[in-house]
Amino acid sequence: MLKTIIGCEEWLSLEDIKIPAIKARVDSGAKTSAIQASNIKRVTRNGEAWVTFDVNPIQDNLSLNVSCESKVIDTRIIRSSSGESQKRYVIKTKLKLGPEEFEIELNLADRDGMEYRMLLGREAIINRYLVDASKSFVLSDNLDGEIIKKYNYLIKQSSGLKLGLLASNKDLYSNKRLIEAAEARGHKIEFLNIQHCYMKLDAQKPEVRFRGGKILDDLDAVIPRIRPSMTFYGCALLRQFDSIGTYCLNSSFSISQSRDKLFSSQLFSINGINIPITGFAKSPLETKDLIDMVGGSPLIVKLLESAQGKGVVSAETNKAAESVINAFKSLQANILVQEFIKEAEGKDIRCFIVDGKVVASIMRQANKGEFRSNIHQGGKARKVKINSEEKKLAIKAAKIFKLDVAGVDIIRSNKGPLLLEVNSSPGLEGIESITGKDIANEIILAIEKKLKFSS
């Protein structure tokens, strides 16, 4: 019998559990097919074992969740690709791939960050298909727009808030996720390019306008995602929105204060928050004492305007530190000099704060030979459980700036947790992919709470 050729990845549907489209990796190395599932709960129905679970079928859209249920046919110990043994529930469901429809066994894998939401194992493909590893989507070529349409039954009709996303690049992961999360909860959200917004300053009738003269006077809230280079103008726009009665998720005052690293460090000290010993001086004549003041080399030199690990330099010796500091000063750059926390071993913790709560936390590890743990600098990250002292520190730091959304960076030292900085526009990609948490949805929920909106 002539077998059908399929690619190494294919789109398929699982209609029995209400999943009209999911991308699967064809994996002949796995015996049983598997699907990424969360909130897995065993229940009893008419004396039989059933299981309820949630599936997030689209890799880059955490706000799209399908609530599923099925009869349990087996419970098995299955070894994952990492070698870890897991106890998993196994169900049966009907699968449709191209024109063919047949029943398969499917184990429920609760694994955050699974690259493919589904693996199609050899039991499902044997005697049916031949796999051409050089090809993809031989039997299915779903476009992104077509996929989302298949899930329209899950998306609430727009009857909610009118939101504006104030940013510079619509295609950034964080911005796309916030738009997805808002629309999934029935809100209308408009992307507002900062450079295309302008203001009318008038005591009687102040305005914010968008390209072409559109007056933005009907927004319930604005979500600011302002890159450092746009801080001045972005904050000016937020002040204008505030003047016309539009709620801003993070205020201009909060953002501008948090981005001033010197002011931030002073504010932390005033509020009793421990930070690495930090020095600031203008004159090159004080360089040697500045170095001694923070405990000597090795030390960290930071530009006040640095972000994502850029503009941050380590100096291994006092002589190197003098050279770096004086070079920055000769360029009229404002810098901070900070003690190096050796025992941290290139690790720090990013705590994501939404509405006064830590909703997720990851530990970032710098690459070998690198001291910056930022993911943008090639650092690796994993989920981490923070202790009560670290949680209190992160929440207090965000509260000082009155930030509803913040990324708070902490370092573990022999003196206890030390605060590194507070980010007023933290990225979502790294922390969502590592923790599997829908942080974009948490942000939208915080706006609803602030505006007393109920769906």
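Bear in mind that the values in this text are calculations on the coordinates, not laboratory data. Computed from a predicted model, the values in this text were never measured in an experiment. All Cβ positions, even for glycine, are placed from backbone atoms using ideal geometry, and neighbour counts span all protein chains on display.
Brief remarks on what is shown
- Karplus 3J(HN,Hα) series, Hz, for the stretch 329-343 with 6.51 cos²θ - 1.76 cosθ + 1.60 (x for Gly, Pro): 5, 5, 8, 6, 8, 8, 10, 10, 10, 9, 5, 8, 8, 5, 5
- In the stretch 132-269, lysine pairs with alpha-carbon atoms under 16 angstrom apart (chain gap of 8 or more, or interchain): 7
- Test item: Cα-centred dipole of the chain, Lys/Arg +1 and Asp/Glu -1 on Cβ, debye: 480
- Anisotropy class of the stretch 34-101 from Cα gyration tensor, a/c 1.5 cut: rounded
- Distance in nm between pseudo-label sites at Lys288 and Thr44 (7 Å out along the Cβ direction from Cα): 8.1
- Lysine pair count for the stretch 382-454 with Cα-Cα distance under 17 Å and sequence separation of 8 or more or different chains is 11.
- Extreme residue, positive dipole direction of the chain, given options Val26, Ile125, Ser258 (C-beta unit charges): Ser258
- Partner lysines whose Cα lies under 21 Å from the Cα of Lys319, excluding those fewer than 8 positions away in the same chain, are identified as Lys282, Lys288, Lys302, Lys329, Lys342.
- Contact order relative to length of the chain, as percent, for alpha carbon pairs under 8 angstrom and 6 or more apart: 12
- Here the calculated FRET efficiency for Ile244 and Glu100, from their Cβ-Cβ distance with R0 = 56 Å, stands at 0.45, rounded to the nearest 0.05.
- Phi to ³J(HN,Hα) by Karplus 6.51 cos²θ - 1.76 cosθ + 1.60 over the stretch 193-209, Hz, x for Gly, Pro: 5, 3, 5, 9, 9, 8, 10, 10, 8, 7, 4, 7, 8, x, 9, 10, 10
- For the stretch 438-445, Karplus couplings with θ = phi - 60° (6.51, -1.76, 1.60), whole Hz, Gly/Pro x: 8, 6, 4, 5, 4, 5, 5, 4
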